[in-house]
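The values are calculated or read from the model by the stated rules, or taken from the named source; none is laboratory data. Keep in mind it's a predicted model, so treat the numbers as computed, not measured. With ideal geometry, Cβ positions are generated from the backbone for all residues, glycine too; neighbour counts draw on all protein chains shown.
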Amino acid sequence: MDESTSIAIIPSSHFNWTARIEYKESFLDRDEAIRYASRHGYNLIVKYTKGGTRFDVMRDLDQTCTSSIEAEMVEKVPVVALPVERGWGQTVAEKLVGVLSKFGAVVDRASQQKNVATSTHQALATK
């Protein structure tokens, strides 16, 4: 199983926790768990059914959890990475911040040059 392209969903009865498995988050909805795992690059979801169904999102660093399970026990979900859509307001705000930071740098540079010129003039006047 390639970590970057699929997520394994296994039942809790086949889950064996090791030190190389990192727990991240729990969800009541399977699709929410898949979205969260794919957004953050996690590769394992464990499905618990006792006391209600929940899905724990995890990172199996060595993929040891899925390597020992029979193929039919693991549901692999392909992950399609879509670009994040940015709204008009966010785009305008980012461009405005960029323009203002450039303007601030120009003003700062001009004030530094003015200070250097003033100090040089004062130094010549005192000699």
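Can you name the residue in segment 1-39 that is among the polar types (S, T, N, Q) and in a strand (DSSP E or B) and is also modelled with the lowest pLDDT among such residues?
Our first condition is that a residue be among the polar types (S, T, N, Q); within segment 1-39, this holds for 4-6, 12-13, 16, 18, 26, 38.
Pick out the ones that are also in a strand (DSSP E or B) and you get 6, 26.
On the way: Ser6: 77, Ser26: 94.
Ranking the candidates gives Ser6 first.
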### Query
So which pairs qualify, if the first residue must be in segment 49-67 and modelled with pLDDT under 90 and among the charged types (D, E, K, R), the second must be in a strand (DSSP E or B) and surrounded by fewer than 21 Cβ atoms within 10 Å (Cβ to Cβ), the Cβ gap must be under 7 Å, and the two must be at least 6 apart or on different chains?
Asp60/Ile21
